[in-house]
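So the structure is just underneath, and the comments pick up after that.
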């Protein structure tokens, strides 16, 4: 089953917060420059958030590799088929209702 | 929403008189204890006619067949005399659980108009194995369809629960053909099906719900094949019959205890059957009777009602729904509006004089449709409806050789001996009717949302 959009959006934000903090920490560790690490972090946060969301929604539409419930595609049919009618007649006869 | 709760146990075809007798004999100790705790056993009238699909639909919708449109397991297509098999999709009035869920799927009824404005919050229902709810349809809760459910995949809403039921070996229904060829095996199947029914009820009972309707249909199957064993201690299956009722009693007691433990004073508990049962003496082929009286003419060719020929003035659908063959409604019809009254009078006289070999009457009541039905689907109603004396099972079979025939079945439905167990303070005054109960259940929830 595909996720709702809001779930994808919340996942995008939570991952981005985590990943951007990691990026800023790494840049700061290598350069010692706080301004640069925050700048890279902000640019990265916005651009990758958009990319992540699009990537997530695209994968959501691909059923390959997904665990699928055996009854996920079941359609509730209101109309009885000719075979159903035969079976019903048979049952009713066996119980003396016909 | 935490609040009032209702548990309904339906036991298909269990007669008031038999329950009274079995409680008296000590076969149903749990039921006896329930009755001693402030409940009363009532004799109740089933729907007209007393067919499970009609009676359960009348119970669920709280309106008569002219409002819900179900008059039997089979309907006749007036355009070509073919048979139709109404299903849940043909029920034209909302059920009380749809009203409680505040989603009537666009349907309305006098009951819905009365109660819908009184509820603000949707309530959750679990409805298991009630006949004539197949195919299952979206509702606020869980619906597992009963007879005539054909496959589990279409018998369960939400559909995802079908796999759970399949894994636990849930039985939609026993195979009734086995009752004709292997009686001992059929009995075993009934006991097994009751076990599975109980497992399913237990499973859903743990969930969140406001209304729970649990229906047991194995009793009806037992009665069709073994009702003559109910009180006859010399019958080879009497012991098994009583054992089945003891098992049923145990199930009822189990649910009552769980309900009491979980919901105590907030709960409203009810047990009902959809019709009574009687020992079958003879089948009475109503269409053969109409043929002999000159009302029905049959062609040689064709299947069932397609054999109706020119010259036919009336015919019957099971069990004794008698329709005039109006010329403006049927391709071969020839009864004009002006003749209807005289035909109905003649038919009424004929049925009154239908007698057994010893001269005793076969028909105990004859109704005209306007007397018993009111609603938008009155046109589909039979012009006359006859009820038999217990022992004579009226049949709409086409092409039977004789009016009276022996039956392969041991039991037959009756209309006057359904049963109902309610808290003592719910007093109906007169004999309760199955159609009264939906209002009673909805009343229980009224006042909570103010």
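The values are calculated or read from the model by the stated rules, or taken from the named source; none is laboratory data. Because the structure is predicted, anything quoted here is derived from the model rather than measured. Cβ sites come from the backbone with ideal geometry, for glycine too, and all protein chains shown count toward neighbours.
Can you name the number of the only condition in (1) under 27 Å from residue B:226 (Cβ atoms); (2) within 14 Å of chain A (Cβ to nearest Cβ) that residue B:398 fails?
The number of the failed condition is (1).
Here are B:392, B:323: which of them is within 14 Å of chain A (Cβ to nearest Cβ) and closer than 28 Å to residue B:52 by Cα?
B:392
Looking only at residues that are surrounded by 16 or more Cβ atoms within 10 Å (Cβ to Cβ) and over 13 Å from residue A:13 (Cα atoms) in region A:28-54, which one is farthest from the chain's Cα centre (by Cα)?
The qualifying residue farthest from the chain's Cα centre (by Cα) is A:28.
Would you check if residue B:212 is closer than 25 Å to residue B:70 by Cβ and away from chain A (no Cβ under 14 Å)?
Yes, satisfied.
Are there any strands (runs of 3 or more DSSP E) wholly within region B:317-429 with 1 or more residues that are at pLDDT 95 or above, under 20 Å from residue B:77 (Cα atoms) and touching a strand residue (DSSP E or B) at 6+ places or on another chain (Cβ under 8 Å), and if so which?
B:321-324, B:384-388, B:392-395
Can you pull out the residues in region B:58-100 that are assigned to a helix (DSSP H, G or I), touching a strand residue (DSSP E or B) at 6+ places or on another chain (Cβ under 9 Å) and away from every other protein chain (no Cβ under 12 Å)?
Listed by number, the residues that qualify are B:58, B:59, B:60, B:96, B:97, B:98, B:100.
Of (1) without any contact (Cβ under 8 Å) to a residue 40 or more places away in the chain; (2) over 22 Å from the mean Cα position of the chain (by Cα); (3) within 14 Å of chain A (Cβ to nearest Cβ), residue B:180 satisfies all except one. Which?
(1)
Looking at region B:343-352, is at least one residue crowded, with 20+ Cβ neighbours inside 10 Å, over 30 Å from residue B:256 (Cβ atoms) and not assigned by TED's automatic domain parsing to the domain that holds residue B:64?
Among the residues of region B:343-352, at least one is crowded, with 20+ Cβ neighbours inside 10 Å, over 30 Å from residue B:256 (Cβ atoms) and not assigned by TED's automatic domain parsing to the domain that holds residue B:64, which makes the answer yes.
Tell me which residues, restricted to region B:141-184, are under 15 Å from residue B:220 (Cβ atoms) and not in a helix (DSSP H, G or I).
B:146, B:147, B:148, B:149, B:171, B:172, B:173, B:174, B:175, B:176, listed by residue number.
Is it the case that region B:21-31 has a residue that's assigned by TED's automatic domain parsing to the domain that holds residue B:207, in contact (Cβ under 8 Å) with a residue 12 or more places away in the chain and closer than 27 Å to residue B:446 by Cβ?
No, region B:21-31 contains no residue that is assigned by TED's automatic domain parsing to the domain that holds residue B:207, in contact (Cβ under 8 Å) with a residue 12 or more places away in the chain and closer than 27 Å to residue B:446 by Cβ.
Any idea which residue in region B:417-442 is farthest from residue B:94 (Cα to Cα), counting only those that are crowded, with 20+ Cβ neighbours inside 10 Å and under 15 Å from the mean Cα position of the chain (by Cα)?
By that ranking, first place goes to B:417.
Is there a residue being more than 10 Å from chain A (Cβ to nearest Cβ), in contact (Cβ under 8 Å) with a residue 60 or more places away in the chain, farther than 22 Å from residue B:67 by Cβ and surrounded by fewer than 23 Cβ atoms within 10 Å (Cβ to Cβ) anywhere in region B:109-120?
Within region B:109-120, one or more residues are more than 10 Å from chain A (Cβ to nearest Cβ), in contact (Cβ under 8 Å) with a residue 60 or more places away in the chain, farther than 22 Å from residue B:67 by Cβ and surrounded by fewer than 23 Cβ atoms within 10 Å (Cβ to Cβ).
Taking residue B:53, is it touching a residue at least 40 places away in the same chain (Cβ under 8 Å) and either not in a loop (DSSP other than H, G, I, E, B) or not assigned by TED's automatic domain parsing to the domain that holds residue B:321 (or both)?
When the stated conditions are applied, residue B:53 passes them.
Could you tell me whether any residue of region B:148-158 is surrounded by fewer than 21 Cβ atoms within 10 Å (Cβ to Cβ) and within 22 Å of residue B:105 (Cα to Cα)?
yes
Suppose the filter is modelled with pLDDT of 95 or more and under 22 Å from the mean Cα position of the chain (by Cα); does residue B:149 pass it?
no
Between a residue in region A:80-98 that is more than 7 Å from every other protein chain (Cβ to nearest Cβ) and any residue that is part of a loop (DSSP other than H, G, I, E, B) and modelled with pLDDT under 80, which pairs come within a Cβ distance under 9 Å, given they are 6 or more apart or on different chains?
From region A:80-98, the pairs are A:89/A:98.
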